[in-house]
């Protein structure tokens with residue numbers, strides 16, 4: 001099951017938000033919270049607040065809807081920053097002109113999921129992938145020697 005939280009119209013460009021979201025994507029929730037706490041980017045507190053909201057959504061669903069969720073097995077399944085609307089602004093320029101620029105907004109979304117561990121039968125060791133053998137080296141073709149000139 002997937003648990004989501006999203007924030008809209010955040011005044012940060014999506015590119016800057018993706019830098020922080022990529023740090024937590026695929027990590028366990030506890031590890032993601034610690035990463036965000038020590039990240040020096042300006043958007044990190046907003047992402048931290050959004051992650052906390054997703055965790056509270058998990059708590060709500062587990063208590064109200066009767067869904068059993070182990071908080072220790074949660075991980076960040078998806079973390080996305082999409083474009084929001086752009087605010088068009090004008091900056092004064094030399095000789096009475098004006099330069100246009102845009103303030104970008106973004107919509108952030110975080111989805112949490114519970115990581116399931118494959119259950120091994122009793123007495124059976126967990127299935128492991130066989131080790132990869134190194135590839136055989138190709139022999140280089142023998143060089144032909146040029147005949148001596150007299």
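Below, the figures for the structure above:
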| read-out | value |
| --- | --- |
| Residue match in segment 77-88 (condition: over 21 Å from residue 7 (Cα atoms) and surrounded by fewer than 12 Cβ atoms within 10 Å (Cβ to Cβ)) | yes |
| Scope segment 32-48; condition more than 25 Å from residue 102 (Cα to Cα), touching a residue at least 12 places away in the same chain (Cβ under 8 Å) and either loosely packed, with under 15 Cβ neighbours inside 10 Å or touching a strand residue (DSSP E or B) at 6+ places or on another chain (Cβ under 9 Å) (or both); matching residues | 32 |
| Qualifying helices (runs of 4 or more DSSP H) (wholly inside segment 1-93; at least 2 residues being closer than 19 Å to residue 114 by Cα and more than 16 Å from the chain's Cα centre (by Cα)) | 44-64 |
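Just so you know, all these numbers are worked out from the coordinates, no wet-lab data involved. From a predicted model like this one, the values you see are computed outputs, not experimental measurements. Using ideal geometry, Cβ is built from the backbone for each residue, glycine included, and neighbour counts are taken over all protein chains shown.
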